[in-house]
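Heads up, the thing below is written out as structure tokens.
The values are calculated or read from the model by the stated rules, or taken from the named source; none is laboratory data. Please read all numbers here as calculations on a predicted model, not as lab measurements. Cβ atoms come from the backbone with ideal geometry, glycine included; neighbour counts cover every protein chain shown. Ligands, DNA and RNA are stripped out before the accessible areas are found, and what is left, the full protein with its side chains, is counted by its heavy atoms. Shrake-Rupley method; radii C 1.70, N 1.55, O 1.52, S 1.80 Å.
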Amino acid sequence: GAVVSQHPSRVICKSGTSVKIECRSLDFQATTMFWYRQFPKKSLMLMATSNEGSKATYEQGVEKDKFLINHASLTLSTLTVTSAHPEDSSFYICSARVYLNSDTQYFGPGTRLTVL
Amino acid sequence: QKEVEQNSGPLSVPEGAIASLNCTYSDRGSQSFFWYRQYSGKSPELIMSIYSNGDKEDGRFTAQLNKASQYVSLLIRDSQPSDSATYLCAVGASGGSYIPTFGRGTSLIVHP
């Protein structure tokens, strides 16, 4: 399978600060990456679709000015949570769309964000 | 609104038994179907994908697809305690959009 990495794996920050999360495809090029958020014991929630070289497409209800997504290269997408607040504390997971034998997406290990 | 429905469980089975996980979907034009396993505190891991009606086997896992009934299932044979996790069903969108829709997941507990 394809390998997707995320950094950092865990971050604790103060309210009002911004946090950047990196998502990298290690052994393939990903023209499309996805960003999800998952609260404890809840389902995955798609936040946005990130396409290399173009603006991200945000899902309804997701604030694009708060969750900045940049997909500057075929192997890197970043999510920046701006002016984070405690309610932004969650598990953020990226995934990359890849076509090996079929069109599939592989997930990164996730980033647990805690905002104090 | 495309929907993917799963029983949240928990589904509890004894070690060595067959665990059967079910998923229904609303988008009749969907062509791709996926099962992911997610351990607590971890991200989802792809187990199987299926695209054609019928069964697809991979080791102890068998995915079953019935497009007419809009139903996809995952069977886990010889269940082990290490199979205890949440299993997510994902259904690819029809109409050219790749973005799959995820179900809420079924919690599986395999007890010794």
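Simple spin-label estimate for B:Asp55 and B:His111 gives 2.9 nm between the two label positions (7 Å along the Cα-to-Cβ direction from each Cα). Could you tell me the calculated FRET efficiency between B:Gln31 and A:Phe28, based on Cβ-Cβ distance and R0 = 25 angstrom, to the nearest 0.05? Computed FRET efficiency for B:Gln31 and A:Phe28: 0.65. Among the cysteines of chain A, A:Cys13 have no other cysteine beta carbon within less than 4.7 Å of their own.
Rounded, prolate or oblate, given the Cα gyration tensor of the stretch B:1-102, with a/c below 1.5 counting as rounded?
Cα axes put the stretch B:1-102 in the prolate bin.
With both residues required to sit in chain B, DSSP beta bridges show an antiparallel share near 90%. Rounded to the nearest 20, the size of the Cβ-charge dipole of the protein assembly as shown about its Cα centre is 420 debye, with Lys and Arg at +1 and Asp and Glu at -1.
In this simple spin-label approximation, A:Lys14 and A:Lys42 carry label points 7 Å from Cα along the Cα→Cβ vector, and these lie 2.7 nm apart. Surface burial for B against A, with a 1.4 Å probe and both sides summed, reaches about 1400 Å² of accessible area. Per residue, chain A exposes 50 Å² of accessible surface when a 1.4 Å probe is rolled over the protein heavy atoms with every protein chain present. Expressed as a whole percent, the accessible area of chain A that falls on carbon and sulfur atoms is 50 (1.4 Å probe).
Farthest toward the positive end of the dipole of the protein assembly as shown, out of B:Gly103, A:Cys13, A:Leu46, is the Cα of A:Cys13, where the dipole comes from beta carbon charges about the Cα centre. The distance between label points at A:His7 and A:Ser73 comes to 1.1 nm (points 7 Å beyond Cα on the Cα→Cβ vector).
Using only side-chain charges placed at the Cβ, +1 for Lys and Arg and -1 for Asp and Glu, the dipole size of chain B relative to its Cα centre rounds to 220 debye.
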